[in-house]
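Below: one structure, written as structure tokens.
Bear in mind that the values in this text are calculations on the coordinates, not laboratory data. If you're wondering where the values come from, they're calculated on a predicted model, not measured in any experiment. Cβ sites come from the backbone with ideal geometry, for glycine too, and all protein chains shown count toward neighbours.
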Amino acid sequence: MLRRRLGVCGLKQEVLRLERVCCREQGVIQLDDFSLSIFAGEIVGLLPVNSHGLTALLNLLQNNSPLNYGYVYYREKQVNTWRDTKKRDNRIGRIQSESSLVEGLTVADNVFVLKPGFKKWLLHPRVFREQLTLFMEGLGVPISADAYVEELTGFERIVVDVIKSVLSGCRLIVLRDISAGISEDELEKIHILLRHYSKEGISFLYIDFHFEALQKICDKVALMSNGRVVKLLQGEFLSPESFYAYSGAFSGKVKHEIYQPEMAKKTGLSLFRANNISSGLINGLSFSVFSGECVVVQSLDHQVFGEIFSILSGKAALRNGDMQIDGRRVNFEMGGEIGVIQEQPTKTMLFSELSYLDNLCFLLDRRLPEVWRNSGLREGVRREYGELLGSDVFDKRINLLSEAQKYDLVYSRIALQNPKVVFCVQPFRGADMELRIHIVELIQMLLDKGMALVILTVNLADSLSLANRLIRIHRDKPVEVFARSEFSTMPFLR
């Protein structure tokens, strides 16, 4: 029999219960004695110390994947057991920073036509539009029902995804790492929307790699490590102190460093300078970065980053201003002096059809054009970096590397390229706590080599631990600049 608990309004239904769940994939234990309960109207946080078992958990919730042991209950029904897997999906919403909305269709089409169970042959766009407009107005969300998905911001896509899940009849909605691509103000608006629906009895499993984001809204937070819930924090124990007891390495390396005093001042001429540059959404942006220094540039609009990339690649011309390295105007056609680490680089910067060594040397021809003709030169690279990366990785296929090994490869490629300035886009997006620590160490490696580093980000989490300065770009007001000594007093970090 399912459990119920006594709440303010009487008994609350237990919407989800995972009871001692164990499952394996290809002989590897993904979930190990995993137990968790969620009641109607609860917002439950899940903080993975590492990502092991997270994908298996999400697949289990939605698709009832096979179990080696344990039981799964959803809405007072047993939907999965180790004895008998029922081949049907659960009506559970799943929302993450990469939206599942279909581009080329309107908001109304996505919400009504593409929802599960829609069987009408004759569509009535005007009716859909009117119903959704009334619904949006009731929530105070100014999103047009006629807007096409590709016109929406990341924040608006998450809102539409939540509304679509609610109207599809989902009583549990899983949110995964939604804070990665939206600002602090937008995240607070999402929290208001979640609280609104939780009062109507809809439950949320809120997965995030930052305890601070979960603490602000969750009734309880489960810490997950190696496929198991190791601690459940709630009530008076839902505090940073309790969290830090289970994440000391992460806290000491990332969170606490934000509040450290000003780093050593740089001397001499700046290595990289942007002088009053304007192009599209960028208007009069100026900043400089010294050798070995890190500057974080925050924009609440992803299009700004797209324009910066177009400029760096030489595809877009500046209306005004210029960029200089060591007092010389940047030659974008040469490219060797500027390095770029893209967002989620293990998915966007590695080539599975190439060997490990060829991936490592991919940008080296900008310094040494003969690298592809000289096998001895490549063998020298293998010997040198084998001491750092481990000799065994050179014989592995790219898709068999661990996530940490893939990040080692990406950052080592940039180190081998040896640019004078590196632009790094949202380096911590999608990374669990253990991987974030590793990424901090890799970025520090580039800084120690004397490179100037510019981090482009929407969400400030973790990036400030490395920053000497923060620059915030707004559409409707002047650029803001904060020194490191001001980080601990900034209102959006308190």
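Counting residues in segment 319-392 as N, plug N into 2.2 N^0.38 Å and put the Cα Rg over that result.
So segment 319-392 has a normalised radius of gyration of 1.39.
Taking amide H positions as placed 1.01 Å from N in the peptide plane, with prolines and chain starts having none, which residues 5 or more places from I207, or on another chain, fall under 5 Å of its amide H?
For I207, whose amide H was placed from the backbone, the distant partners under 5 Å are L46, L175, R176, D177.
Output wanted: per-residue J couplings in Hz (rounded whole) for segment 276-293, from phi through Karplus 6.51 cos²θ - 1.76 cosθ + 1.60, θ = phi - 60°, x for Gly and Pro.
6, 7, 9, 6, x, 7, 8, 10, x, 7, 9, 6, 9, 9, 7, 4, x, 10
What distance in nm separates the two pseudo spin-label positions at N59 and K315, each 7 Å out from Cα along the beta-carbon direction?
3.4 nm
What spacing in nm lies between the two simple spin-label points modelled at E370 and D326, each 7 Å away from Cα in the Cβ direction?
If labels sit at E370 and D326, their model points lie 2.3 nm apart.
Give, in nm to one decimal, the length gained when the segment between Q234 and V28 is fully stretched (0.36 nm per residue of separation minus the Cα-Cα distance).
71.1 nm
If you stretched the chain out fully between Y69 and L281, how much longer would it get, using 0.36 nm times the residue separation minus the C-alpha to C-alpha distance?
70.9 nm
Go ahead and run the numbers for FRET between S100 and H191, Cβ-Cβ distance against an R0 of 22 Å, rounding to 0.05.
0.55
Amide H of I29 versus every other amide H placed in the peptide plane: which residues, excluding those fewer than 5 positions away on the same chain, fall under 5 Å?
Close amide H contacts, sequence-distant or interchain: none at all.
I need the peptides 278-286, 430-438 ranked by packing, meaning the mean over residues of other C-beta atoms within 10 angstrom, with the highest value on top.
Highest mean packing first, the order is 430-438, 278-286.
Quick one: D146, D84, fewest Cβ neighbours within 10 Å first, how do they rank?
By the 10 Å Cβ count, ascending, the order reads D84, D146.
Which pairs break 20 Å Cα to Cα here: K189/K216; K164/K189; K199/K220; K231/K406?
With Cα atoms farther than 20 Å apart: K231/K406.
Evaluate the Debye formula for segment 259-493 with equal point scatterers sitting on the alpha carbons, no solvent, and hand back log10 of I(q)/I(0) at q = 0.11, 0.12, 0.17, 0.18 Å⁻¹, in q order, two decimals.
-0.59, -0.70, -1.34, -1.47
How far is it, in nm, from the label point at D358 to the one at E200 when both lie 7 Å from their Cα along the line to the Cβ?
5.4 nm
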